[in-house]
Structures are given as C-alpha cells and as structure tokens.
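Here is the structure we will look at.
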Amino acid sequence: MQKSLRIGQILYTNVLPVYYYFEQAKFEDRIEFILQVPAQLNLAMAKGEIDMGPISSFSYAEHASQYVALADLSVSAKGRVGSLFLFSKKPIEQLNGAKIALTNTSATTVNLLKIVLHKFYEYEIAYVTQEPNLAQMLQGADAALLIGDDAIAAERTAKDLHVYDLGELWHRFTGYSMTFAIWALRRAVIAEHYDLIAEVHASFLASKKKTKADPGPLVDYVCAHFGGTKEEWIRYFAGLQHDFGEGQRVGLEYYYRCAAELGLLAAPATVELWQADGHKTNITLAR
C-alpha cells in the first residue's frame, strides 16, 4: 500500500530531539520516512520526492514559492554549534587567497562560510567540493569544511589544526542566531493531507518538548551509537535550538540578504510559517 505522506529525516544527530519521541507507530501505515544527508533531502524536496522534512535553510530560500515552514521547528544556534567546523592548517586571519575544500553534504553552511570569508573578512578564496573525509580534503587544500556527525568525529582528533565553529563566527560578526535547517512542507500537498500534516506537526513538537524536559535517554542513545561522552553530548544538545521564533527569524533573513548581496541567492527570502491550526503567517523583516 502506498503511504500518503513522505517525510525526510537528516542523517545527523542534530535533528534527533525532534524525532526521538516521535510516535512513528501511530503513523506507520500513513507516512514513509526517508533518511538522507541535507544535500540529498534538499534535492528530493525540490523534485517533489519528499513532502515534508528538515532541509537546509538555504534550500528553503531557493524554493520559497513552493514551500512553507512548519512553525516552531528548526535547527538553530546562537553562537557555538559544535557540528559545523572549518578545519584549517593556518589561522583564519591568514586564509586570504587560500584553497578550501567544501563538504558535498551541505548547502546552508557552505554558503555561510562564503558569507563570512567574503563579506566579513573580504577574502578571495578558491573552493573545491569533495566527499566529507578530512584527511583527503586537506591533501590539496589549506582548509576544509565539515558538518554534522562528520564534523563532530573529525573535531575529536584534529589536534594540529585550527578549528573554527561557523555558528561562533556568524555570531561574532552579526550578533544573530543562525538557522541551519527548517522543517519545510510542500505547498502542493497541504490541501490533500491537511489533517495528517497537523497530526505529524503536533507529534514533532511533542517530541521536541519531551526531549528538552529530559535529555537523558537521548544522550544515552547517541553515546551508544555515535561514541563520545555524556558530557560532550549534553553540551552539544544544550547549544542547539529547535524552535523558530523572532530571534531565529531575524538572523535567518539577514543571512538571506547577505547571500543575495553576494549573488549566492537570486533574491532575499522571507519565511512563511504553517501552523497546526491552519493559520499561515507571512513573516517579513522590517526594512
């Protein structure tokens, strides 16, 4: 039997608070989960192969006319993220004219790095995109960008490298939060699956709330499956924000304006939220 709603899930621990207590059995005959890295989910959403799920916030902006965002869900941080790292052979102050290897699993963070280096540092950089393997990336480059669990694992052993957290760099120059992923929903499926979407959205919010109230079981799970210590994971999850409020909106829309200024986006985007009661709010930033 064909399931009625296809939901993407990022293959990274940073979204687990939203999924850990999700009532999957309740929806077993109605939804299909598709696990991929962000770049794959971005493409699948754009092609209509996935109906809902966390995608790169940059990809949301590229397809804003086709998507709305599920209210109060994101992967954001104000300052250190702990899973988005630039690994460099020399200090960032010496990277003008450098060659940087970019992971092929990201959209938002790749363009965030370009904004930081070109707009804030005013550097000229040559880029190459590669599979997320730090040793191989650094063979022919001065620095390498990794995200997600690849970045977490690499950071544990990057003893001789300069390591920069992209969330910290963004906050240092702007003072804003940065939203890396948004739970997007294709406008084309809303009318047909409205009630089911509302149920799924409510379950995501309930999972987020329960995990925030008691992160212990999630921390035990990630320790068992991804290594590291409880202290590391407690600190990591505490630094992430899975809400989407005014602070996240302001920072994200400023990011969109910076991206458009550098020609990375055709135009700045705003975020339209879809709420579980069906009320849609067009969020715009005062100019």
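The values are calculated or read from the model by the stated rules, or taken from the named source; none is laboratory data. These figures come from a predicted structure and were not determined experimentally. Note: ideal-geometry Cβ built from the backbone for every residue, glycine included; neighbour counts use all protein chains shown. These area figures cover heavy atoms from the full protein model, side chains too; ligands, DNA and RNA do not enter into them. Shrake-Rupley method; radii C 1.70, N 1.55, O 1.52, S 1.80 Å.
Test residue 206 against the stated conditions and say whether it is touching an Asp or Glu at 6+ places or on another chain (Cβ under 9 Å), open to solvent by 20 Å² or more (accessible area, probe 1.4 Å) and within 18 Å of residue 243 (Cβ to Cβ). Steps first, please.
Working: touching an Asp or Glu at 6+ places or on another chain (Cβ under 9 Å): yes; open to solvent by 20 Å² or more (accessible area, probe 1.4 Å): yes; within 18 Å of residue 243 (Cβ to Cβ): yes.
For residue 206, the condition - touching an Asp or Glu at 6+ places or on another chain (Cβ under 9 Å), open to solvent by 20 Å² or more (accessible area, probe 1.4 Å) and within 18 Å of residue 243 (Cβ to Cβ) - is met.
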Residues of the stretch 149-175 classified as under 19 Å from the mean Cα position of the chain (by Cα), modelled with pLDDT of 95 or more and surrounded by 19 or more Cβ atoms within 10 Å (Cβ to Cβ), total: 7
Selected residue [surrounded by 16 or more Cβ atoms within 10 Å (Cβ to Cβ), within 17 Å of residue 265 (Cβ to Cβ) and touching a His at 6+ places or on another chain (Cβ under 8 Å)] from 71, 46: 46
Close pairs from the stretch 3-24: first free of Cβ contacts under 8 Å to residues at least 40 places away in the same chain, partner among the basic types (Lys, Arg), Cβ under 9 Å, at least 6 apart: 3/30
Residue match in the stretch 85-98 (condition: within 22 Å of residue 241 (Cβ to Cβ) and either open to solvent by 10 Å² or more (accessible area, probe 1.4 Å) or at pLDDT 95 or above (or both)): yes
Long-range neighbours under 8 Å by Cβ, at least six apart or interchain, first residue under 11 Å from residue 98 (Cβ atoms) within the stretch 120-140, second open to solvent by 60 Å² or more (accessible area, probe 1.4 Å) and of a type in the set (D, E, K, R): 125/99; 126/99; 127/99
Extreme residue, nearest to residue 151 (Cα to Cα), among residues of the stretch 109-139 that are open to solvent by less than 50 Å² (accessible area, probe 1.4 Å) and in a loop (DSSP other than H, G, I, E, B): 132
Selection from the stretch 199-225 of residues that are farther than 23 Å from residue 78 by Cβ and touching a Ser or Thr at 6+ places or on another chain (Cβ under 6 Å): none
